[in-house]
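These notes concern the structure reproduced below.
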Amino acid sequence: MNGKTYFSLTFFLLLFTSSLFAFQTAYPIKVIPKPVAFNAGEGTFEIDSKSNIYLSENTGEMQFLGEYVADLIYSATWMHHDILSMESAEEDTNAKIILDLNTDIGVDHPEGYMLSITPKEIRISAQETAGLFYGIQTLRQLFPPAIEHELPSMAASNQDWSLPVIEIEDYPRFEYRGMHLDVARHFFPVEFVKKYIDLLAMHKMNRFHWHLTEDQGWRIEIKKYPKLTSVGAWRDSTLIGHYGTGTYDNVRYGGFYTQEEIKEVVEYAQQRHITVIPEIELPGHSSAALAAYPQFGCFEKEYHVQSTWGVFEDIYCPKEETFSFLEDVLTEVMELFPSKYIHIGGDEAPKAQWEESQIAQDVIEREELADEHELQSYFIGRIEQFLNSHGRQIIGWDEILEGGLAPQATVMSWRGEAGGIEAAKMGHDVIMTPWGSNYFDHYQANPETEPLAIGGFTTVEDVYFYEPVPEELSEEEAKHVLGSQGNVWSEYIHSGDKVEYMAYPRATALSEVLWTPVEYKNWLEFQMRLQTHFERLDILDVNYAKHFKN
């Protein structure tokens, strides 16, 4: 290395370090996602054992939020704090916390909030309880990471718990801020799903897309069709290594969620202002269901729960018995999930069996359809009509555009952005989740030194610089972009630890993409805040990828 090169590199490193220091000085709060606006004041708030929590309303939701705050500050005070009515707050001269549900706060957004910290009071105000919950998440991150300890004795004895005097105004950029989890290729227990939801909540995400059925396993109990889980939830073996190795472990594998467990998860998510969107795949990705109930296929054959990955020819047959079966299944699904949306898949549905099936060809002739693509559109349209009649709407992967889009469908664009752009221009709502930036099953560093993954290459930086609204859309068309989500497909993800490794900190970066106005984002400054966030994730026992940890 010559002297000029050495000088240039040294200058760059000094510039980078000084830039981070400058950002740290200019932006003193290390909150992710970054709030819309803040104004730092003078002085600090000191939490103590006498700090009470006051609620403006005495409802179940408000009581939950009060208890949430009490649990949060327990690590700082070693005390269980009283939760009282706000009417008595003025008489309290001690440092206190107020949760104020108030329609006149200056932030006109259902998920927005105001957070005010003075030397004697923390006040979080919002129009709705969702805003209060997000304000609490910001308060949580204003505390040092040690607040995450469940046991106070784990924090350092000399830990400074003081908070800066500050005013924060905040609200999200997008209404749909989501993460997906595939529990069909590999199954994850309820306790891990709850932990996954807790992490989404901390990042102000509000949608959990739960991928429950696949060729490799059916994971939701349907009482009218018990073989969906007694047969469809179990495969005889699982592929070892990448697709094409031909090597299998010969170990029976499976699992499913009972309806009581699903109710438990849905309630847990609702308390944290997260809507759970179930996905029931159709008409393709149906091997597990057809292994249990082969009469809903087009041919008399033996179907199997698949033990390898990929796309299979198995597909539901478009006969009335099949529609009755799917309507029965979806009726039980709707009873478990209050979400407006039901995801019906619609992707990767080979048409070979329909081409060979007289039943399918008769439907094409009867309905005057042009081909098997229009038959898929007809199939999905039938399901949409049924769900619409029960006050629900469908989401489907962008293949549902092929053959004609169902009238009220929302499109989830995964094969790049083209499907989302086309749907938005047609006046349909879209959720952008392109594989290049939003597939968190991709490698995130050198594949030779990383755990096994499906392929691809998506770094934290790639995620942070993703813009969900394509330039091709007009201002009016852009209104149809509801938001975005990150997808965690589990072909090569066998454990909760690996889910966390693949999801974080990429999901952390996505949370800022979806919450923070694009003009306020800054990659260098985000990396600075990420270092404190890593300390928080360490205490929470999250097995995040450490490529960006200093």
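The values are calculated or read from the model by the stated rules, or taken from the named source; none is laboratory data. Quick caveat, the model's predicted, so the values are computed rather than measured. Note that each Cβ is placed from the backbone with ideal geometry, even for glycine, and that neighbours are counted across all protein chains shown. Side chains are part of the model used for accessible areas, which takes the heavy atoms of the whole protein and leaves out ligands, DNA and RNA. Shrake-Rupley method; radii C 1.70, N 1.55, O 1.52, S 1.80 Å.
Descriptive notes on the structure:
- Selected residue [assigned to a loop (DSSP other than H, G, I, E, B) and surrounded by fewer than 23 Cβ atoms within 10 Å (Cβ to Cβ)] from GLU535, GLU519, GLU471, GLU476: GLU471
- Considered as a group, the residues in the stretch 430-473 that are farther than 30 Å from ALA406 by Cβ and hydroxyl-bearing (Ser, Thr, Tyr) include one that is farthest from the chain's Cα centre (by Cα), and that residue is THR449.
Every residue, every condition in (1) of a type in the set (A, V, I, L, M, F, W, C); (2) open to solvent by less than 10 Å² (accessible area, probe 1.4 Å); (3) in contact with a helix residue (DSSP H, G or I) (Cβ under 7 Å, 6 or more places away or on another chain), yes or no:
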{"site": "ALA424", "(1), (2), (3)": "yes, yes, yes"}
{"site": "MET432", "(1), (2), (3)": "yes, yes, yes"}
{"site": "SER437", "(1), (2), (3)": "no, no, yes"}
{"site": "PHE440", "(1), (2), (3)": "yes, yes, yes"}
{"site": "ALA445", "(1), (2), (3)": "yes, no, no"}
{"site": "GLU448", "(1), (2), (3)": "no, no, no"}
{"site": "THR459", "(1), (2), (3)": "no, no, no"}
{"site": "TYR464", "(1), (2), (3)": "no, yes, yes"}
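- Residue tally, condition over 18 Å from TYR176 (Cα atoms), hydrophobic (A, V, I, L, M, F, W, C) and in a helix (DSSP H, G or I), over the stretch 447-468: 1
- Applying a threshold of 7 Å to beta carbon distances and a minimum spacing of six or more residues, or different chains, the list of pairs starting in the stretch 325-339 at a residue that is without any contact (Cβ under 8 Å) to a residue 40 or more places away in the chain and ending at one that is of a type in the set (Asp, Glu) and not in a helix (DSSP H, G or I) is empty.
- Within the stretch 294-330, the residues that satisfy the criterion of being aliphatic (A, V, I, L, M), open to solvent by less than 10 Å² (accessible area, probe 1.4 Å) and closer than 19 Å to GLU221 by Cα are LEU326, VAL329, LEU330.
- Within the stretch 80-124, strands (runs of 3 or more DSSP E) holding 2 or more residues that are open to solvent by less than 10 Å² (accessible area, probe 1.4 Å): 96-101, 113-118
- Identification of strands (runs of 3 or more DSSP E) wholly contained in the stretch 358-446 with 1 or more residues that are over 30 Å from GLU500 (Cβ atoms) and either free of Cβ contacts under 8 Å to residues at least 24 places away in the same chain or β-branched (Val, Ile, Thr) (or both) yields 393-397.
- Scanning the stretch 176-188 for residues that are surrounded by fewer than 21 Cβ atoms within 10 Å (Cβ to Cβ), more than 20 Å from TYR316 (Cβ to Cβ) and β-branched (Val, Ile, Thr) turns up nothing.
- One residue alone among TYR171, TYR225 is open to solvent by 20 Å² or more (accessible area, probe 1.4 Å), out of contact with any Leu (no Cβ under 8 Å at 6 or more places or on another chain) and closer than 21 Å to VAL107 by Cβ, and that residue is TYR171.
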